[in-house]
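The values are calculated or read from the model by the stated rules, or taken from the named source; none is laboratory data. What you see is a predicted model, and the numbers here were worked out from it, not measured in a lab. Glycine also receives a Cβ, built like all others from the backbone with ideal geometry; neighbour counts cover every protein chain displayed. SASA here: full protein model, heavy atoms, side chains in, ligands and nucleic acids out. Shrake-Rupley method; radii C 1.70, N 1.55, O 1.52, S 1.80 Å.
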Amino acid sequence: MQTLKFAVLPGDGIGPEVMKVAIDALKAATGPAGIALEYEEADVGGIAIDNHGAALPEATVALCEKADAILFGSVGGPKWENLPPAEQPERAALLPIRKHFSLFANLRPGLLYKELTDASPLKTERIPDGIDIVCVRELTGGIYFGPKETQTLEDGDVQASDTMVYKRSEIERILDVAIASAKARSGKICSVDKANVLTTSVLWRKTATEYIADKAPELELSHMYVDNAAMQMARDPNQFDVLVTENMFGDILSDEIGIVCGSLGMLSSASLGTQNNQHGHPFGLYEPSGGTAPDIAGQGIANPCAQILSSALMLRYSFGLNDVSEKIEAAVKKAVMDDIRTGDIAFGKPAVSTSEMGEAIKERL
Ligand code: IPM
Ligand code: MG
């Protein structure tokens, strides 16, 4: 029997609620296929600060190191917002875990079902067939991880700096991920930069042009400045298929993709590393894009779909189980089509609870 070994880090806010439902759905999807789940849970984020005095305890890292993938909830919340910035869950847990496991490639699918276009703030005539794009975001470089400094100048003024740094090799490896994604989709890549201002972007654009011409000349590559890309995303998101961009631009654009696709509660993500696991697939971390949603945490009303869809991505990328992954995605879609909806995607329909949404998806598996 095949066994999937992964670490489960539910984190804070709605994390534990949606994680519980996602694990249930995973069991329901894998069991009949004769696949066993071997997972262990550990604290991360605010709850880890409370229980162990550190947002990313060593024991949590050790558990992840033994695993073939990480299923991640979300971290942070008002309770920890007054800590010094560097000790807050986002900066003290999420960024270090990405760096520790070299999770350089963040895939954020922007998917809006045709039947759910009402959920988007865009007019339906702009997205008659829904939305289907993917943002490939570089995740372990750029301004997030370059040298930072705050200093008091001689005249008493205070100056702070963050430095954006990229190596050609870092750009090439994220391009590889975008190339693979584009080959599996429509063959189009849009590389987003700010080459009219930033030196890193000049290198980014040159590398994208040369590398894709060399490795995948059959793909259609375009370049766009990030400000224009943000505007185009709100105007006509389907002009894009695969977007590839650096860390901070990808952070910003992926939130925009989230909202044009309706609800952050539907958006999954995969962060893939440089290392392969024992199955010969990339080690990865899989998390919903929506965050901890502290306003609704603990009420049992959060949308579990993003967490469930993230677990489907885990099956696909870290375990090579495309069939089961597709089965989960289809069950989520079917439940939503059958008007089983949590509050964020209800639109006048009666809203179901987190667990009811989970049950409905399980029934459709
Ligand atoms: C994301 C988040 C994180 C990021 C924060 C929480 C550090 O916004 O995953 O998009 O900026 O990468
Ligand atoms: Mg973000």
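Listed values, structure above:
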{"item": "Partner lysines for LYS123 [C-alpha distance under 28 Å; skip if fewer than 8 residues away on the same chain]", "result": "LYS114, LYS188, LYS333, LYS334, LYS349"}
{"item": "Distance (nanometres) between label positions extended 7 Å along Cα→Cβ at LEU37 and GLN151", "result": "5.1 nm"}
{"item": "Electrostatic dipole magnitude of the chain [Cβ: Lys, Arg +1; Asp, Glu -1; Cα centre; debye, to 20]", "result": "900 debye"}
{"item": "Extension gain (nm, one decimal) between THR3 and LYS334, 0.36 nm per residue minus Cα-Cα", "result": "116.4 nm"}
{"item": "Alpha-carbon Rg with Dmax, taken over the chain, Å", "result": "20.3, 70"}
{"item": "Shape call, the stretch 304-365: gyration tensor on alpha carbons, a/c limit 1.5", "result": "prolate"}
{"item": "Paramagnetic reach from LYS215 (point 7 Å along Cα→Cβ, amide N under 16 Å) across the stretch 169-201", "result": "169-185, 187-192"}
{"item": "Protein accessible area in the stretch 56-161, 1.4 Å probe - carbon and sulfur %", "result": "50 percent"}
{"item": "Rounded to whole Hz, the Karplus (6.51, -1.76, 1.60) HN-Hα couplings of the stretch 223-235, x for glycine and proline", "result": "10, 9, 5, 5, 5, 5, 4, 4, 5, 4, 5, 7, 8"}
{"item": "Probe 1.4 Å, accessible area per residue of the chain, Å²", "result": "43 Å²"}
{"item": "Accessible surface ranking that places the most exposed of GLU154, GLU220 first, with a 1.4 angstrom probe", "result": "GLU154, GLU220"}
{"item": "Distance histogram for the stretch 252-304 (every C-alpha pair counted, 5 angstrom bins, percent rounded to whole numbers)", "result": "4, 17, 21, 17, 15, 12, 9, 4, 0"}
{"item": "Check: the stretch 248-348 dipole with +1 on Lys, Arg Cβ and -1 on Asp, Glu Cβ, in debye", "result": "280 debye"}
{"item": "By accessible area with a 1.4 Å probe, ligands and nucleic acids excluded, highest first: order of TYR317, TYR166, TYR286", "result": "TYR317, TYR166, TYR286"}
{"item": "Accessible-area value, ILE296, 1.4 Å probe, nucleic acids and ligands omitted, Å²", "result": "50 Å²"}
{"item": "SER269, SER222, ranked by accessible area, largest first (probe 1.4 Å)", "result": "SER222, SER269"}
{"item": "Point-charge dipole on Cβ atoms (K/R +1, D/E -1) for the stretch 184-306, about Cα centre, debye to 20", "result": "160 debye"}
